[in-house]
Amino acid sequence: MSENSTSSQVAEVAIIGAGPSGLAAATRLAKAGLKPVVFDLNAAPGGQVYRQVESPQADLRVTGIDYRLGQRVVEAFRRARVDYRPDSRVWWVQRVDAGFELGVLHEGRSAVWRARRLILCHGAMERPFPFPGWQLPGVMTAGAAQVLLKQGGLLPEDAPILVGSGPLIYLLGWQYLQAGRPPTCILDLTPRHQWRLPLRQPVKAWHARGYLFKGLKMMLALKRAGVAIERDIDALEAIGDKVLEQIRYRQRGHWKQRPASLLLSHVGVVPETHLTRSLGLTHRWHAEQQSFLPVRDDTLSADENLWVVGDGAAIGGAVNAMREGTLSALEVIASHHGLTKEERHERDGLRRERARDLCARQLLDAMFLPPLNIDAMPEETIICRCEALTRGDLDQAISDGAEGPNQLKAFTRCGMGPCQGRQCSVNATLLLSRRLAQTPDQIGQWQIRPPVQTITLGELATPGVVENRET
Amino acid sequence: MRQDFFIVGGGVVGMAIAYGLARAGQGVTVLDADDTAFRASRGNAGLTWVQGKGVGMPSYAEMSLDSVQAWPSFALELQQRTGLELEYERRGGVDLCLDEEEAHARRTEYRELQAQSERLRRDFHWEYLDREQLLPFLPGLGKRVAGGTWSPHDGHCNPLYLLRALHAACRRLGVDIRQATPVENLARTESGFRATLREGHVEAERCIVAAGLGAKRLAPQLGLSDDVFPLRGQMLITERMPRVEQLPTPQIRQTATGGYLIGDTHERVGHDKGVTLPMLQTLADKAVRIFPFLRSTRLVRAWAALRVMTPDGYPLYERSMTHPGAYNVNCHSGITLAAFHADGLAQAILNDRIHTHFSQFSGARFHVPSTP
Amino acid sequence: MFRRLPETASDSAEVTLWVDGEPRQVGATLSVAAALLQQHGWAEYRLHHDGTPRAPLCMMGVCHDCLITIDGEPNRQGCLVIVKDGMRIETQMPAAQPTPGASTG
């Protein structure tokens, strides 16, 4: 940073994110006497899954038993010797000789941090799921509905329609049912043959039995309460003038229509790769999870002095994220002053549990393989929401010669809006992959540009440069 | 089918020449690098600009003037051929001077340039305006800006859409554009030239190296000069803001979509295309100094690109002495000069007249005393 | 619109938010975007630059469709800002943004 600005602060270990993996990593490091600094975009620890866990706004009967685990994890974190910094946006990350340079925005001021070791625990995002009309007010994600439920005990005034594939759809439906406001119906986009996978893969099914029974229980409760669960749906459309009014869907070849005020959609979660890509890490296409994942070694390290853990690296769920967080902490401890015999045992045990859990995950990935076929979307489907670019717009640019993601971005402005391509990058790559008959890895993704989080010019400028008022 | 030309480089320089040659009925193949290649064409500010060009070489200023005068019809033709809007405007531009010292130096420079050329004395119009005089052209201009030089010749476009339109127009004209096809080496054959590719090769009667920084490696293989080096420029773009009637400046301009483009750094850092925190901050400082109202505007993206510079900063146009039929075209003002490249320069290459019409621009100027 | 669960409505702290000039009581734990979804709904939340209406999609800092004017600053990510007593919120119909004239006057 230039001399005229505040000098940088220094941390031995920095952690980005305070969800399950970040909490576990920080708590374990503190136990070993290393005091990490934890930057959290949110105002309180817990991440997405344990949001608002310290002052719950909804009864555990509604949020579910898993939420209680979050309370214990956050309590342990609060007791640990950790430099916790909520409301801190890491908008800049760059590798510098001896570690990492971070730009952290807090209450309108940007500070520079230098960290020798970095653990990325930034988590996942919901998979962008484009369909005609998904930009209409009244269409939200199921994850957004869960945020509202946890953050403020908020429920839809009128019964919503849930659509998509994956466990979260049923979890949300069940939570609404527990709260006494069940959804109108659930439109399940999972292809029928994927439901039968547990029967064909009994070993994986055994490892996944906990997840499967939980899902089954929720599904049965919803059915018993009279919530219609519609299957064999392969196309969807949201219709409305200024807000959502109707939805149309194709079921076994027939189009059906329903009035709707709120549509909550979800087709699984994917790692948020903005940070890892901006650090220039190698990412590979993971066909089972249908997403790009940063490449890590056995120690969960993606580069020297850099670990990526939890759902920001590969989807494994909250419990796995905590394991990975602890494992990364043990690796940091090992590189700092070595592991004791007990710590080595702890590490080996966590590694075994992780392997077992990831085996179950493979089955879940296969069962809920997203029903997304980007090149078959109607051409008016918006792909880049920020720039309001449709599938047809992107195809036109491809036929003008945009034969790579960076050229496609340049030719169309796809990914140049405020979300910086978080909602369209993968879908642009998948479209190119189909059109040019190359694998997603061959196509790659466009280059990520800073800032990785929002910052204003005034916040970025040297303090004192900004004129307060001119006359 | 044997082509008349192959062109190494699918940036705005190579594509403008390809467009000019294809329009003249030539069979052209363009060999473009990978999607991740250095691409000044994708990282520049989009100015069609005369101010500041050719100080020390008036013929370059004259060439820039010719090109910006040809730009309106060039843009219109491209738009008609492709249906793509280039967001091109020529309503004049202002090169800002942050302090009096800079203002004084600027005026001296322009007067000296005009003293060297009758044509520029007559046709290059400019005027120094202080902050008060600039306010109608740049509403909201900060108090800590001394003034700037205004010129009616200057304008701006969306350089990304220019690149797209050139690609689209060339495709429609039958140019064979091979993307992700970097050239391994260049050689003469019995009746022309051959480009060896990762797989296979391409041949043509004549060839043009418009490879930007890639010329360093490729140009010498055909006896052409390799006097190019990278000069990094970092840029910021803000979120969309309401459109304001204002003139573009090299320091900052509002694009057609409403974002403010902030740039104009010059850093000799080799092939490092990274952005740096100090420079980002410097650019933000400059932006809020010029337009204080931007302080609560959000930064959407920051990037760096590498200018393709020659030792004196002027373009490099040359025909190979050892390999007649091979040409070298390299410059850092590919947007301003696009209209000229598509017309005058393409014609001169077609007629094999580079060495007579543009002898001043040969790379020989870097190696021998300037006696012809 | 979203409504609070009956059992939480009574025993939670509230703050006053000014939404387009109207005072609204909202739960103190909510983000600005969540408060608006409760008090105002998703209709007439924000007009996008292409003229279409938009409202929050993801509520977790990804989509940037929740952009809203907070205490006079336009285009803030409403889902990442927790409400504070006395905060002034303006829906962006159409987008109200600073102009050069306004800040130099």
Checking the condition modelled with pLDDT under 95, within 14 Å of chain A (Cβ to nearest Cβ) and either more than 24 Å from B:Pro311 (Cβ to Cβ) or under 23 Å from the mean Cα position of the chain (by Cα) (or both), which residue from B:Lys286, B:Lys273 passes? B:Lys273
All-but-one check, C:Met60 against (1) surrounded by fewer than 17 Cβ atoms within 10 Å (Cβ to Cβ); (2) touching a helix residue (DSSP H, G or I) at 6+ places or on another chain (Cβ under 8 Å), failing number (1)
Please report, ordered by residue number, the strands (runs of 3 or more DSSP E) entirely within region A:64-173 with at least 3 residues that are modelled with pLDDT of 95 or more, farther than 21 Å from C:Ala43 by Cα and charged (D, E, K, R). A:109-120
Meets criteria (closer than 30 Å to A:Gln94 by Cβ, β-branched (Val, Ile, Thr), within 10 Å of chain B (Cβ to nearest Cβ) and surrounded by fewer than 21 Cβ atoms within 10 Å (Cβ to Cβ)) for A:Thr439: no
Taking B:Tyr88 as meeting all but one of (1) under 30 Å from B:Cys170 (Cα atoms); (2) over 22 Å from the mean Cα position of the chain (by Cα); (3) hydroxyl-bearing (Ser, Thr, Tyr), write down the number of the exception. (2)
Elements of type helices (runs of 4 or more DSSP H) in region A:174-263, at least 3 residues being closer than 17 Å to A:Leu369 by Cβ and in contact (Cβ under 8 Å) with a residue 40 or more places away in the chain: A:192-195
Test of understanding: among A:Arg361, A:Arg354, A:Arg391, which residue is of a type in the set (Lys, Arg), more than 10 Å from every other protein chain (Cβ to nearest Cβ) and surrounded by fewer than 20 Cβ atoms within 10 Å (Cβ to Cβ)? A:Arg354
Looking at region A:287-301, can you tell me whether even one residue there is assigned to a strand (DSSP E or B) and among the acidic types (Asp, Glu)? no
Those residues of region B:202-243 that are within 30 Å of C:His48 (Cα to Cα) and either among the polar types (S, T, N, Q) or in contact with a Cys (Cβ under 8 Å, 6 or more places away or on another chain) (or both) come to a total of 2
The residue from A:Leu244, A:Leu275 that alone is out of contact with any Phe, Trp or Tyr (no Cβ under 8 Å at 6 or more places or on another chain), modelled with pLDDT of 95 or more and over 30 Å from C:His40 (Cβ atoms) is A:Leu275
Scan of region A:94-113 for residues that are more than 15 Å from A:Glu304 (Cα to Cα) and in contact (Cβ under 8 Å) with a residue 24 or more places away in the chain, ordered by number: A:Leu102, A:Gly103, A:Val104, A:Leu105, A:Gly108, A:Arg109, A:Ser110, A:Ala111, A:Val112, A:Trp113
Name every residue in region A:368-399 that is touching a Ser or Thr at 6+ places or on another chain (Cβ under 7 Å), of a type outside the set (D, E, K, R) and under 28 Å from A:Asp232 (Cα atoms), in order of residue number. A:Phe368, A:Pro370, A:Pro371, A:Thr381, A:Ile382, A:Ile383, A:Thr390
Kindly indicate whether B:Ala165 is surrounded by 14 or more Cβ atoms within 10 Å (Cβ to Cβ), in contact (Cβ under 8 Å) with a residue 12 or more places away in the chain and within 14 Å of another protein chain (Cβ to nearest Cβ). yes
Return a yes/no flag: does region B:47-62 have any residue that is free of Cβ contacts under 8 Å to residues at least 12 places away in the same chain and within 27 Å of B:Gln254 (Cα to Cα). no
Answer yes or no as to whether B:Met309 is under 17 Å from the mean Cα position of the chain (by Cα) and more than 9 Å from chain A (Cβ to nearest Cβ). yes
Return yes or no: is A:Cys424 touching a residue at least 60 places away in the same chain (Cβ under 8 Å) and either among the basic types (Lys, Arg) or buried (at least 23 other Cβ atoms within 10 Å of the Cβ) (or both)? yes
Does region A:387-409 contain at least one residue that is in contact with a strand residue (DSSP E or B) (Cβ under 9 Å, 6 or more places away or on another chain) and part of a strand (DSSP E or B)? yes
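The values are calculated or read from the model by the stated rules, or taken from the named source; none is laboratory data. Computed from a predicted model, the values in this text were never measured in an experiment. All Cβ positions, glycine included, derive from the backbone under ideal geometry; neighbour counts span all protein chains shown.
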